[in-house]
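Structure first, then comments.
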Amino acid sequence: MRKLVIALSLLAVALLSLSGVFDNEAMYGRIHADAQGYYGYLVATFIEHSFDWQEVIQPYADTYFNGAAADFTVQSEHGRINKYYAGTAVLILPFFLVACLAAWLFGFPIDGYSEPFQLGIVFSALFYAGVGMYYLSKFLERKGISKPVALFSVVAGLFGTGLFHYSISEAAMSHVYSFGLVSLFMYRVDKWLQNSNRSDLIWSSLVFGLIVLVRPVNGLVIFSVPFIAGGVAPLIDKLKSNQRLFKQLSIGIALVFSVLLFQVLMYLAQVGKPLVWSYQDEGFNFLNPEIINVLFSYKKGFFIYTPLAGLGLFGLMIYLFERPKQGAWIWLFLGLVVYVISCWWNWYYGGSFGHRAMIEYLPFFIFGLAYLMQQSSKPAQLTIFGLCSFFVYLNLVQSYQYQKFILHWDGMSKERYWEVFMETDREFDGIFYRQKQELVPLSEQEIIEIVVFDSDLEEGTTWGSQGFTTEKAFSGVQSSRVNSESKYGTTLGVPAKEIGITGRKQLRITAMVWSERTFPSLSIAYSYRRNEGDYGHDYIGIGQLVTKKKVWVKVEHLVPISLALDENHTWIVYPISDDEGTIYLDDIRYEIMTLKE
């Protein structure tokens, strides 16, 4: 039953991957950006036969990435080295070799990036996700969780967390491999502690060595051993009762270092030195942890983008209350993990879906989820099942949003998150990439003067009445309507001397907008008028800021504007649209700021 459930789950993920639904159409394949660093050892060793990283990177950048090279190297004092560690490449190696064979058989380029290699990396990631699910479910059963609950929990973990995204969309990143290794480590350590079998110690040691070889900071998992053992006292008792303890631990330590020796060999091959700090100017700020951001920020917060883990956390609370001597250790361990992760100089770890550095520790949150369900009554289990189902759906939607650029890679905020919550329409693609970055004065001291023109467009306004209608209004009874049949909205004209003809100018536009369509074709146009005609025309697109249809949306935009040639000319500004749908504007405000040079 276990193998069948896991196999069917992985098959479903593979079919979703092959369907193209979760493809990033702006990127080639699944091996790009940082992932090329983890994967690059294979290309350098088996294809280029060289650790001259420029020779490794540029040919594939030119062939597959339009020349945009992802430089995953750093310049150390001994020479240029791959920034990342070699463990992920070691784990991918069998699938890489099969991809080489497939490329040769079917006539694809044997270059590490053609289609067989892209498929190979997905199957590699799914294999290690399956390894993690299999051994984690067995570990859960060893801890008293029933098989149905254990299997439900690991399947929910696959589909309801970032594990899904990193299994198919960024499958060459290290996280799914770490998930598989950590789950296997938990199972093997538990078995060794129970029966002192040397084979389990050998497995535990080799797996721990690989965990460190993939991401050294993940060596923190060694501090989960008291939790796995059921507490420090049981751990000490079990170790004391093991008459072969010293010999077994000596073997284990030797095996760990034998695995880590591989990274030493990689450094020797690259720069002729056995030990090199590959992160150079990057490091930890242990006096300035960003714990709240790591867990709850709308930018990358773990529980914001992985709410399923929140259920697991609740289960760990119950575990602590019911079994304080055992539960305290998993809380201490996870607290240490979160603290260390939050001290990294870049607490959100660059462009990613959710907080990717927490994925390797998902097995502990899945344990909490399983414990919560195991300890709950039947009605409560149904509620948990319903919440898990929703969180799975949410995760799949957000994974899709991330791939379609609806979620920004590092520019999310609370406002942006809720603005596109559960939106999947393709018109939202790239919404936050299309929006121009605001120009913000460095300080108030830079602003010489602010001139404000605003109107609620009600009776008595001095603004032009173009498009005035009582069909719809945000405040009062009137608004200004624009569409393809009536392109121009209410027009404001003021002498240029009132806005000043010297100094840098920025225009802040604020308006309430109602549109039949999201992202309509809508601009604010301005020009300077003189007797013989207009000049200095510009069109400021604000339609991309209208993110909801058939509701009033507040639009704010700040842009530089050009200067008038003469103070006797007139500054003219008005909404303009040729959109097929009707658009209404109300409560329009123009602020012109003159800045110091």
With x for Gly and Pro, the residue-by-residue ³J(HN,Hα) of the range 87-98, computed from phi through the Karplus equation 6.51 cos²θ - 1.76 cosθ + 1.60 at θ = phi - 60° and given in whole Hz, is x, 4, 4, 4, 5, 6, 3, x, 6, 5, 5, 5
Return the carbon/sulfur percentage of the accessible area of the range 338-477, one whole number, probe 1.4 Å, all protein chains in place. 56 percent
Cα convex hull volume per residue for the range 411-554 (Å³): 162 Å³
I'd like the projected area of the range 135-198, averaged over all directions, using the convex hull of its alpha carbons. Report it in nm² with one decimal. 4.8 nm²
Given the rule -39500 (n - 2.57) for each run of at least 4 DSSP H residues, summed and divided by the residues of the chain, what is its mean residue ellipticity at 222 nm, to the nearest 500 deg cm²/dmol? -15500 deg cm²/dmol
Quotient of C-alpha Rg and 2.2 N^0.38 Å, computed over the range 188-250: 1.11
Cα-derived Rg to Rh of the range 499-597, Kirkwood definition: 1.02
Ordering of 537-543, 163-169, 20-26 by burial proxy (mean other Cβ atoms within 10 Å per residue, highest first): 163-169, 537-543, 20-26
Using Cα atoms only, what is the angle between the long axis of helix 175-195 and the major principal axis of the chain, expressed in degrees (0 to 90) to the nearest 10? 30 degrees
Entries of LYS143/LYS378; LYS414/LYS505; LYS300/LYS550 with Cα pairs more than 32 Å apart: none
Using Cα atoms only, what is the angle between the long axis of helix 53-64 and the major principal axis of the chain, expressed in degrees (0 to 90) to the nearest 10? 60 degrees
For the range 209-283, the convex hull over Cα atoms projects on average to an area in nm² of 6.5 nm²
With 5 Å bins from 0: P(r) over the range 355-404, alpha-carbon pairs, percent: 5, 17, 17, 25, 18, 11, 5, 1, 0
If you average the sequence gap of Cα pairs under 8 Å that are 6 or more apart and divide by the length of the range 98-187, what percent do you get for the contact order? 35 percent
Rg/Rh of the chain (Cα atoms, Kirkwood Rh), to two decimals, equals 1.07
Based on alpha-carbon positions alone, could you give the equivalent ellipsoid semi-axes of the range 101-154 from the gyration tensor, as √(5λ), descending, whole Å? 38, 8, 7
Most packed first (mean Cβ within 10 Å per residue), the peptides 329-339, 268-278 order as 329-339, 268-278
Cα point-scatterer Debye curve for the range 117-231, base-10 log of I(q)/I(0) at q = 0.10, 0.19, 0.21 Å⁻¹: -0.30, -1.03, -1.20
Kirkwood Rh, angstrom, the range 233-274 [1 / mean 1/r, Cα pairs]: 12.4 Å
Within the accessible area of the range 112-219, what % is carbon and sulfur when the probe is 1.4 Å and the other protein chains stay in place? 61 percent
Of every Cα-Cα pair in the range 68-137, the percent that sits beyond 17 Å: 58 percent
How many percent of Cα pairs in the range 1-147 exceed 25 Å? 37 percent
To the nearest 10 degrees, how steep is helix 198-214 against the longest Cα principal axis of the chain, on a 0 to 90 scale? 30 degrees
The set of residues whose placed amide H lies less than 5 Å from the amide H of ILE110, leaving out same-chain residues fewer than 5 positions away, is none
Value of relative contact order over the chain, rounded to a whole percent, pairs C-alpha under 8 Å and six or more apart: 12 percent
Two-site label geometry, ARG142 and LEU105: point separation in nm, points 7 Å out along Cα→Cβ: 3.7 nm
Once Lys and Arg are counted +1 and Asp and Glu -1 for all other residues with Cβ under 15 Å from that of ILE251, the total becomes +3
Amide H proximity to PHE468 below 5 Å, modelled H, separation 5+ or other chain, gives ARG481
Enumerate the aspartates and glutamates that LYS240 could reach by cross-link, defined here as Cα to Cα under 20 Å, with residues fewer than 8 away along the same chain left out. ASP190, ASP200
Whole percent per 10 Å bin, from 0 to the bin with the longest distance: what is P(r) over all C-alpha pairs of the range 229-358? 11, 23, 27, 29, 9, 0
Whole-number accessible area per residue in Å² for the chain, which is evaluated in the context of all protein chains at 1.4 Å: 43 Å²
Along each principal axis of its Cα atoms, how long is the range 299-407 end to end? Whole angstroms, biggest number first, please. 42, 32, 16
Let me know the Rg and Dmax you get for the range 1-55 when you use only its Cα atoms, in Å. 16.5, 49
Quick one: Karplus J couplings for the range 479-488, per residue in order, coefficients 6.51, -1.76, 1.60, θ = phi - 60°, nearest Hz, x for Gly and Pro? 8, 10, 9, 9, 6, 5, 8, 10, 6, 9
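The values are calculated or read from the model by the stated rules, or taken from the named source; none is laboratory data. Predicted, not measured: the structure shown is a model, and the values here were computed from it. We place every Cβ from the backbone using ideal geometry, glycine too, and count neighbours over all the protein chains shown. Surface areas here come from the heavy atoms of the whole protein model, side chains and all, with no ligands, DNA or RNA. Shrake-Rupley method; radii C 1.70, N 1.55, O 1.52, S 1.80 Å.
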